Amino acid sequence: MPRLTDITWDEFSAMGLEEKTPYLSRGDDGMTPYHTLFAQQFDRPLLERLCELANRIRFINKSREGAMYLKSVLAHKRAMLYFSQPSSRTFLSHLAACQILGLTTGSVRDAATSSEFKGESNEDSVRTFSSYFDMIIMRSPRQGLAEKMAWELSNSSRPVPILNAGSGKDQHPTQALLDIYTLVRSFETKGGLDGRTVVFCGDLLRGRTVRSLSYLLTRFDGVRQIFVAPRELQVPDDVTAVLDAKGVEYSLSGNLKAAVKEADAVYMTRIQDEWDGTKGESAAIDTTHFKFGAEELALLKSDGVIMHPLPRRDEIALCCDHDPRAMYWRQMRNGMWIRAALIAAVFGCERTIMECGYR
Ligand code: CP
């Protein structure tokens, strides 16, 4: 199995994402991640295993004895949460996932409270965290930083796994995992996710969750993707190039109502105006027709689902919140279970948990 120690940074960074995957794995099966950097690391069998493991953790955690058992699994490990971009869900669900498995945690959520305030580089910060912790869960506005640090740490005297909790406008692999887990759970008694139609709507240009989820959906058979957005915020070419290469059926649209009629799942996203330049370009874009409200709800199939990575602004009207098809609250909680499953897998505890005596 190839390792990051076998390759220079220049060689590694020049590779395609699928080609990089074996270098990032734990080495036992060539897929289970050691470093978790992008969606391309997850194939269908791995996704199914992680969903099963998340179900198992969710079940075991229901009893006091089970919860105490889970807390013993990684009680000897420490995780650092290094979030230099704002976050509620991703930070807290990773924190809760660590707590479920017994990891103790540290955190930096604001450079002003770390030595970055004194001019330390992000790279040196991560090297510093690796001295004290056994895993680094990191969110950064810098695309590629998580990948660079995965290579750096693997080539250091203190290699610890990196888990990408959102990198620039690029990828958000654990969000895509929780989205897949939510879709799998939503359709598990209704014939499964294969052959479904997923509609993405909103700011598809700058939404890193869209890029990661669109890729993971290609791991399922015959999942059609419809991208609904204002022209200025339509899905970027690199996403559609992947779909073209994989022969996935997709279309681009400006008509949400028409797309909702065909949808099994509607994935709404917020306008990502934090990426605007100084002129606030997003404000000039007409987004009126890219919001999900009572009229869209009336058009959605009776067993369809509405999803959103959150936070939302006004993309989903409050009147949808109590509809049984609104999945965004459960989606958020699913993030805790699937992240616990991923962390357990990274540390090689998958079989221990799957085979433990709690039934
Ligand atoms: N979905 C998501 O990444 O939410 P947060 O920004 O709150 O972590």
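Every number in this text was worked out from the coordinates using simple rules, so none of it is lab data. As the structure is a prediction and not an experimental result, all values here were calculated from the model. Cβ: placed from backbone, ideal geometry, glycine included. Neighbour counts: every protein chain shown.
Distance from the C-alpha centroid of segment 1-53 to that of segment 144-168: 13 Å, rounded to the whole angstrom. Under 18 Å Cα-Cα from Lys169, which aspartates and glutamates qualify once same-chain neighbours fewer than 8 residues away are excluded? Counting by Cα, and skipping residues close in sequence, Lys169 has these aspartates and glutamates nearby: Glu147, Asp179, Asp203, Glu232, Asp237, Asp238, Asp273, Glu274, Asp276, Glu281. Taking amide H atoms as placed 1.01 Å from N in the peptide plane, the amide H of Val199 lies under 5 Å from those of Ile226, Asp264, Ala265, Val266, Tyr267, each 5 or more residues away in sequence or on another chain. To the nearest 10 degrees, how steep is helix 173-187 against the longest Cα principal axis of the chain, on a 0 to 90 scale? Around 50 degrees separate the two axes.
Taking amide H as placed 1.01 Å from N in the peptide plane, Ala79 has its amide H under 5 Å from the amide H of Thr104, Thr105, Gly106, Asp134, each at least 5 places away in sequence or on another chain.
At R0 = 56 Å, how high is the FRET efficiency between Glu281 and Arg3 if r is their beta carbon distance? Nearest 0.05 is fine. It would help to have the intermediate numbers written out before the result.
Values: r = 43 Å, r/R0 = 0.77.
The pair Glu281/Arg3 has a calculated efficiency of 0.85.
Largest GNM mean-square fluctuation across Ala341, Ala96, Ala112, computed for the chain with C-alpha springs under 10 Å, falls on Ala112. Pairs from the list Lys190/Lys291; Lys20/Lys148; Lys118/Lys279 with a Cα-Cα gap above 21 Å: Lys190/Lys291; Lys118/Lys279.
Around the amide H of Ala326, modelled in the peptide plane, lie the amide H atoms of Ile306, all under 5 Å away and 5 or more residues distant in sequence or on another chain.
Dividing the convex hull volume of the alpha carbon atoms of the chain by its residue count gives 145 Å³ per residue. Reducing segment 291-359 and segment 201-218 to their Cα centroids gives an inter-centroid distance of 16 Å.
A simple rule links phi to the HN-Hα coupling: the Karplus curve 6.51 cos²θ - 1.76 cosθ + 1.60 with θ = phi - 60°, which for segment 311-327 gives x, 9, 10, 10, 6, 10, 5, 4, 5, 7, 4, 9, 6, x, 7, 6, 9 Hz, with x for Gly and Pro. In sequence order, segment 335-350 has phi-based couplings of x, 5, 5, 6, 6, 4, 4, 5, 4, 4, 5, 4, 8, x, 9, 4 Hz under the Karplus curve 6.51 cos²θ - 1.76 cosθ + 1.60, θ = phi - 60°, and Gly or Pro positions carry x.
Would you work out the charge dipole size for the chain about its Cα centre, treating the Cβ of every Lys and Arg as +1 and the Cβ of every Asp and Glu as -1, and quote it to the nearest 20 debye? Let's see the in-between values first.
On the way: 45 positive and 46 negative charges, 262 e Å.
That gives a dipole near 1260 debye.
Can you give the angle from 0 to 90° between the axis of helix 64-73 and the longest principal axis of the chain, with both taken from C-alpha atoms, to the nearest 10? In the chain, helix 64-73 runs at an angle near 60 degrees to the longest axis. Karplus-derived 3J(HN,Hα) values for segment 272-278, using 6.51 cos²θ - 1.76 cosθ + 1.60 with θ = phi - 60°, are 8, 6, 5, 8, 4, x, 5 Hz; glycine and proline are entered as x.
Ratio of Rg to Rh for segment 258-359: 1.13 [Cα atoms; Kirkwood radius as inverse mean 1/r over pairs]. Full extension of the chain segment joining Arg142 with Ser63 gains 24.4 nm, where the gain is 0.36 nm per residue of separation less the Cα-Cα distance. Of the trypsin sites (Lys or Arg not before Pro) found in segment 23-74, the ones in coil according to DSSP and having at most 13 other Cβ atoms within 10 Å of their Cβ are Lys62.
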